[in-house]
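The values are calculated or read from the model by the stated rules, or taken from the named source; none is laboratory data. Computed from a prediction, not measured in an experiment: that's the story for all the values here. Here Cβ is always computed from backbone atoms with ideal geometry, including for glycine, and neighbour counts include all displayed protein chains. Side chains included, ligands, DNA and RNA excluded: accessible areas come from the protein's heavy atoms. Shrake-Rupley method; radii C 1.70, N 1.55, O 1.52, S 1.80 Å.
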Amino acid sequence: METLLIIAAVLCGIIGIIGSVVPILPGATISFVGLICAYMTEGSTISQTTLWVWGIITLIICIIDYILPGYFSKVFGGSKAGITGATIGVFVGLFMGPIGIILGPFLGAVAGERFNQNRSLGEAIKVGFGSLISFIVGTGLKLIVTGMMMYYIWKDLFLQIKELF
């Protein structure tokens, strides 16, 4: 069981980091599950306080992840069509690799604003830029959080493995 928990902790940590960039995967939540798996191992040094703090941080990141796109869209003058376009762009971008993941929301927001709202190209690009900034800020926050949780997982498991030898 111990080995299974260790493998699950590391895999969840890695998948969580990947999920920070890939919109379909809830990266912070998966990393938190990895932290819980590490906590449940026999020789864990992770405290309950640490677990609670990261649980709250995970919840905050999940909430922010849903608020950011709408917030940046409004700041940059976007409409529901722009938000819908950006969302579609995220999913289409998944099939186009890393560049598609970054450009998908931008191009989707521009298309939504341009064709559904009959906005000028300049206005549509401005909204697309807001969508891009939202993606970069959200992804950056998720990468920081999941990276820190992976650090805690790795540090905890490394100390346990070190004690075995």
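Using the beta-carbon distance between Gln117 and Leu11 and R0 = 35 Å, what value does 1/(1 + (r/R0)^6) give for FRET efficiency, to the nearest 0.05?
Numbers: r = 43 Å, r/R0 = 1.24.
Here the calculated transfer efficiency is 0.20.
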- Item | Label point at Glu2 placed 7 Å out along Cα→Cβ; residues across segment 35-62 whose backbone nitrogen lies under 18 Å | 37-46
- Message: Before I look further, what does the chain give for accessible area per residue, probe 1.4 Å, in whole square angstrom?
- Response: 58
- Message: Accessible area of segment 1-147 with a 1.4 Å probe: how many percent of it is carbon plus sulfur?
- Response: 76
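Provide, for the chain, the number of lysine pairs with alpha carbons under 24 Å apart, each pair being eight or more places apart or on different chains.
Numbers: Lys74/Lys126; Lys74/Lys142; Lys80/Lys126; Lys142/Lys155.
Pairs that pass both the separation and distance tests number 4.
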- Relative to the present Cα-Cα distance, how much length would full extension add between Lys74 and Val53 at 0.36 nm per residue of separation? 4.5 nm
- Message: Let me check the size of segment 1-94 from its C-alpha atoms; what are the radius of gyration and Dmax in Å?
- Response: 16.9, 53
